[in-house]
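Enquirer: Pasting a structure below so you can have a look.
The values are calculated or read from the model by the stated rules, or taken from the named source; none is laboratory data. Here the structure is a predicted model, which means the values were calculated and not measured. Note that each Cβ is placed from the backbone with ideal geometry, even for glycine, and that neighbours are counted across all protein chains shown. Just so you know, the surface numbers come from the protein's heavy atoms only, side chains and all, with ligands and any DNA or RNA stripped out. Shrake-Rupley method; radii C 1.70, N 1.55, O 1.52, S 1.80 Å.
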Amino acid sequence: MQTRFTELVGCRLPFQLAVLGGVGTEALARAVQAAGGLGMVPRQVGVGEPRAGALGKGFLIPYLPDVTEVVDDVRGLRVAEFFWGEPDANLVDAARSAGVLVSWQIGSATEARAAESAGRDLVVAQGVEAGG
């Protein structure tokens, strides 16, 4: 199934694993990746060698490490996703310098416009129940 999302991210099916705060695992992300979706892990989860398919890492802005660590954390992955903070063009540029697409999870139209201005590649619209 081809959609704008699958073409951009490089997966076969238009679904993305939620980053799941601190409970996501590489094994779960790899299973989603193998099934054709975008597998995601939280920042603190290490990722072994990237393989064919789409894999990314999510960052909560209040717990964001130094920007250079973000670049190192996402190198070789497909997507870096940021959430729970103001969209920041400097952060988008830094992540993009590692060769990844930048996603910003938003919860309002105001955040969506700010993410657009910051230069993100895609947005994930979060509902009130925290679902994308």
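Enquirer: Seen from all sides and averaged, what is the projected area of the convex hull of the Cα atoms in the chain, in nm²?
Expert: Values: hull surface 29.4 nm².
Mean orientational projected area (the chain, Cα hull): 7.3 nm².
Enquirer: I'd like the carbon and sulfur percentage of the solvent accessible area for segment 13-90, probe radius 1.4 Å, heavy atoms only, ligands and nucleic acids excluded.
Expert: Carbon and sulfur together cover 57 percent of it.
Enquirer: First check a/c for segment 51-124, with a ≥ b ≥ c the square roots of the eigenvalues of its C-alpha gyration tensor; if it is under 1.5, answer rounded, and if not, answer prolate when a/b is larger than b/c or oblate otherwise. It would help to have the intermediate numbers written out before the result.
Expert: Values: a/c = 1.79, a/b = 1.44, b/c = 1.24.
Prolate.
Enquirer: How high is the relative contact order of segment 75-132? Use alpha-carbon pairs under 8 Å, at least six apart in sequence, and give a whole percent.
Expert: For segment 75-132, the relative contact order is 35 percent.
Enquirer: Provide the net charge surrounding Phe5, with neighbours chosen by a C-beta distance below 14 Å and charges set as Lys +1, Arg +1, Asp -1, Glu -1.
Expert: Once all neighbours under 14 Å are counted, the net charge is +1.
Enquirer: Let me spell out the model: positive unit charges on the Cβ of Lys and Arg, negative unit charges on the Cβ of Asp and Glu, origin at the Cα centre of the chain. What dipole size does that give, in debye rounded to 20?
Expert: Charge dipole, the chain, about its Cα centre: 460 debye, nearest 20.
Enquirer: Defining a contact as two alpha carbons under 8 Å apart and six or more residues distant in sequence, what relative contact order in percent does the chain show?
Expert: 16
Enquirer: Loop only per DSSP, at most 15 neighbouring Cβ atoms within 10 Å: give me the chymotrypsin sites (Phe, Trp or Tyr not before Pro) in segment 59-132, ordered by residue number.
Expert: Trp84
Enquirer: Would you mind classifying segment 1-49 by shape? Square roots of the alpha carbon gyration tensor eigenvalues, ordered a ≥ b ≥ c; an a/c under 1.5 is rounded, otherwise it is prolate if a/b is larger than b/c and oblate if not.
Expert: Working: a/c = 2.38, a/b = 2.03, b/c = 1.18.
Taking the square roots of the gyration eigenvalues as a ≥ b ≥ c, segment 1-49 is prolate.
Enquirer: Compute the accessible area per residue over the chain, keeping the other protein chains in place, probe 1.4 Å, unit Å².
Expert: Accessible area per residue: 52 Å².
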